[in-house]
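Note sheet for the following structure.
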Amino acid sequence: MERKPKITVVGSINMDLVTITAQVPQIGETLLGKQFQMNPGGKGANQAVAAARLGADVRLIGCVGNDRFGQDILQHLRNEGVDVSDVEPVTAHTATATITVHNQDNSIIVVPAANHHVTASFVESKREVIQDSDILLVQLEILLEGVQKAVEIAKENGVTVILNPAPIQELPVQLIKQVDYLTPNEHEQVLLKQRFSEQELNGKLIVTKGSQGVSLMADGQELTIPAYKIGVVDTTGAGDSFNGGLAVALSRGMTLNDACRYGNAVAALSTTKLGAQSGMPTGEEVEQFIKGGRNK
Ligand code: RIB
């Protein structure tokens, strides 16, 4: 039997409070929305679920609040096959993301709460989990010191690191040097390019561009891997699905180009349902979708 890739995600765990609306309110205005949903989310948890559905052995390191949201999310993650033995309840609220979905696009406000309990020392206490992984996936919804510690441990142990720099913030050059791949969206890549030299970013940048696919940037060249065309319901979590897919594909030994194609298929399928995680496909669904030639 094929060995399952071991993927560790150090990241955020949120409850998504989603409102679907025909119009976005102006400051001071009240509007009636169309629909409301509460869904487990957070970039860390989303990427963990994406990779687990694709058949990886996934461990999530993070914090939830000692509250109802935290308990519900942990149960949900267990049902998804994510190992949550390294998610700890803390004295804080579980993080929330207030999401407005309008015209199939979204805007999000995250309140980090328990996610900001993921300190360097907390991550250090999980050293063995990180060093035992094929790939480490990190984002920026937890404390930067937690991200830095996780990346440091991974690099000391030859573990491949994918940093999804979302939401973007000032990053130390040492961190950029240590990561193998950076997966910003178009907005995030502008800020990275302002701050870091071409040489510092060379060969690491995989820019996600929504319906345009992804661009790989290396040696001054840009290669675009087109997105799959599909009927979009909600793009929330599409970037997370791409990251989960990329991690699984790379850990199975695919080339970077093929891994991005695979990630694109995972991301496309994820947009067919409302909610960050609900449309995330299984490995079999991705194979079928790719075979069906539903490309471009
Ligand atoms: O990337 C989508 C995610 O961003 C949502 O699930 C929300 O929780 C925010 O973190």
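Values as computed for the structure displayed
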{"quantity": "Matching option when the condition is within 23 Å of Ala267 (Cβ to Cβ) and more than 16 Å from the ligand (Cβ to nearest atom), among Thr119, Thr8", "calculated": "Thr8"}
{"quantity": "Verdict on Glu2 being of a type in the set (Asp, Glu) and either within 16 Å of the chain's Cα centre (by Cα) or closer than 30 Å to Arg127 by Cβ (or both)", "calculated": "yes"}
{"quantity": "Filtered residues of segment 55-72 (kept if open to solvent by 10 Å² or more (accessible area, probe 1.4 Å) and either acidic (Asp, Glu) or not in a helix (DSSP H, G or I) (or both))", "calculated": "Gly55, Asp57, Arg59, Asn66, Asp67, Asp72"}
{"quantity": "Residues of segment 236-268 satisfying the condition of being open to solvent by 20 Å² or more (accessible area, probe 1.4 Å) and away from the ligand (no atom under 16 Å from the Cβ)", "calculated": "Leu250, Ser251, Arg252, Gly253, Met254, Thr255, Leu256, Asn257, Asp258, Arg261"}
{"quantity": "Residue check, Val147 touching a residue at least 40 places away in the same chain (Cβ under 8 Å) and in contact with a helix residue (DSSP H, G or I) (Cβ under 9 Å, 6 or more places away or on another chain)", "calculated": "yes"}
{"quantity": "Ala52 vs. criteria small (Gly, Ala, Ser), out of contact with any Phe, Trp or Tyr (no Cβ under 9 Å at 6 or more places or on another chain) and assigned to a loop (DSSP other than H, G, I, E, B)", "calculated": "no"}
{"quantity": "Members of segment 77-97 found to be under 17 Å from the mean Cα position of the chain (by Cα) and of a type in the set (Val, Ile, Thr), listed by number", "calculated": "Val82, Val84, Val87, Thr96"}
{"quantity": "Qualifying residue in segment 212-230 (condition: within 16 Å of the ligand (Cβ to nearest atom) and either surrounded by fewer than 18 Cβ atoms within 10 Å (Cβ to Cβ) or within 28 Å of Ile153 (Cα to Cα) (or both))", "calculated": "no"}
{"quantity": "Which listed residue, of Gln104, Gln75, is open to solvent by 10 Å² or more (accessible area, probe 1.4 Å), at pLDDT below 95 and either under 30 Å from Gln23 (Cα atoms) or away from the ligand (no atom under 16 Å from the Cβ) (or both)", "calculated": "Gln104"}
{"quantity": "Residue under evaluation Asn157, criteria (1) more than 16 Å from the ligand (Cβ to nearest atom); (2) under 23 Å from Gly239 (Cα atoms); (3) surrounded by fewer than 18 Cβ atoms within 10 Å (Cβ to Cβ), criterion not met", "calculated": "(2)"}
{"quantity": "Qualifying positions in segment 125-143 - more than 16 Å from the ligand (Cβ to nearest atom) and open to solvent by less than 50 Å² (accessible area, probe 1.4 Å)", "calculated": "Lys126, Val129, Ile130, Ser133, Asp134, Ile135, Leu136"}
{"quantity": "Leu192 being within 16 Å of the ligand (Cβ to nearest atom), more than 22 Å from Asp16 (Cα to Cα) and surrounded by 17 or more Cβ atoms within 10 Å (Cβ to Cβ)", "calculated": "no"}
{"quantity": "Boolean, Arg68 is away from the ligand (no atom under 16 Å from the Cβ), closer than 19 Å to Met15 by Cβ and basic (Lys, Arg)", "calculated": "yes"}
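The values are calculated or read from the model by the stated rules, or taken from the named source; none is laboratory data. Nothing here was measured: the structure is a model prediction, and the numbers come from that model. As a convention, Cβ positions derive from the backbone with ideal geometry for all residues, glycine included, and neighbour counts pool all protein chains shown. Ligands, DNA and RNA are stripped out before the accessible areas are found, and what is left, the full protein with its side chains, is counted by its heavy atoms. Shrake-Rupley method; radii C 1.70, N 1.55, O 1.52, S 1.80 Å.
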